[in-house]
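The values are calculated or read from the model by the stated rules, or taken from the named source; none is laboratory data. The structure displayed is predicted, hence computed values, not measured ones. A quick note on method: Cβ atoms are made from the backbone with ideal geometry, for glycine too, and the neighbour counts reach across all protein chains shown.
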């Protein structure tokens, strides 16, 4: 079934998804999502080299199997910032879940809570933090902050997330402006569904604006002093999100950060930047267990989760796969994606003698570099395939709303 917001089609599903791996969901999601919305999720910046390298670079690291370990029934339970979790897999923050499902972040939180994972919601979420919290009051959650130039806006956000019992803040510092995302330009994507914090503060719905326009409202100048101010005014722990080198890890910890978040925004900002897994060991060495490390970008396999944990991460985030799961199955679809990665992770744990997540952090990893590709982006005319037309993925034209993120078919 499909729900329409001003002609924009949104999935209304709530069903488990059968899959062999999470990669196959990407192509399947095209059948239920408009072209512009799909490529907003699926694409990266410029030629998408970093977007591809994020996943390919996991092949630089090899899990060394162990024998005679006398171990069975591995357990994925872990703790993070005092929170008990059933898995080290985290839902990374992404804007506008309403492009995938009519219940947006509320549906995502339902699925994440069922899987026992950590949820994080974006400043650019469609649903309110109150509605997200209400659907799973006891579930742990963090908030991703795009710091605004307007500190009255920031204070409104801080007050709201504290009342909604969010446990901490991921301060984004790696997306001060939008990367050059060619797919968004080719499909003329703009946000088709209102964004809650913009609606409640300005009466502006964040609807019909481009990604670049939304980023323009955020602070482009963020320094060490902002970490201290956010901690003071919010009363919450603050992780610096977007650390890609040891020098910045030192700087963040020196500024009072409670944690480090290693990410390159899923290859959506600077194309040609290193894959996150390649910089994680250096950063982990610099941090030296002083604060927790969250890691994301390119994670598509349980083995990727294993490698990131073994190389220094405490939690491992996924992004695009859970949004495909949201579109294809709603809350249960999100849960299915996490369950699939957990299944693969447990196999790796069994074959390496790792009983617990803590054991993985001491697993043996080899490192041999392999070459990466240098292909044009998936939306380059030389590679872009015809987009499928289905009854569920077409925007219905109206007299009051411009075509936003629509299929060109």
Review point. Restricting attention to the range 183-200, does a residue exist that is surrounded by fewer than 21 Cβ atoms within 10 Å (Cβ to Cβ), on the phi > 0 side of the Ramachandran plot and modelled with pLDDT of 95 or more?
Key: no
Practice item. Check off (1) touching a strand residue (DSSP E or B) at 6+ places or on another chain (Cβ under 8 Å); (2) surrounded by 17 or more Cβ atoms within 10 Å (Cβ to Cβ) for residue 125 and give me the number that stays unchecked. Key: (1)
Revision key, fill the gap. Per the filter on the range 56-79, residues surrounded by 20 or more Cβ atoms within 10 Å (Cβ to Cβ) and either under 18 Å from the mean Cα position of the chain (by Cα) or not in a strand (DSSP E or B) (or both) are 57, 58, 74, 76
Exercise for review: Scan the range 80-116 for residues that are surrounded by 24 or more Cβ atoms within 10 Å (Cβ to Cβ), outside any helix (DSSP H, G or I) and within 13 Å of the chain's Cα centre (by Cα) and jot them down.
Suggested key: 89, 90, 91, 92, 93, 94, 96
Study note, to complete from the structure: Residues in the range 179-209 that are in contact with a helix residue (DSSP H, G or I) (Cβ under 9 Å, 6 or more places away or on another chain) and part of a helix (DSSP H, G or I) total 10
Point to revise | Residues of the range 365-395 classified as modelled with pLDDT of 85 or more, in a loop (DSSP other than H, G, I, E, B), exposed (fewer than 13 other Cβ atoms within 10 Å of the Cβ) and in contact with a strand residue (DSSP E or B) (Cβ under 8 Å, 6 or more places away or on another chain), total | key: 1
Check your understanding: Restricted to the range 150-173, and to residues that are out of contact with any helix residue (DSSP H, G or I) (no Cβ under 8 Å at 6 or more places or on another chain) and in a loop (DSSP other than H, G, I, E, B), which residue is nearest to residue 240 (Cα to Cα)?
Key -> 173
Check your understanding: Is the range 312-320 home to any residue that is part of a helix (DSSP H, G or I), touching a helix residue (DSSP H, G or I) at 6+ places or on another chain (Cβ under 7 Å) and under 24 Å from residue 62 (Cβ atoms)?
Key -> no
Review point. Part of a loop (DSSP other than H, G, I, E, B), surrounded by fewer than 16 Cβ atoms within 10 Å (Cβ to Cβ) and at pLDDT below 85, is that true of residue 212?
Key: no
Point to revise | All positions within the range 286-305 that are out of contact with any helix residue (DSSP H, G or I) (no Cβ under 7 Å at 6 or more places or on another chain) and outside any loop (DSSP other than H, G, I, E, B) | key: 294
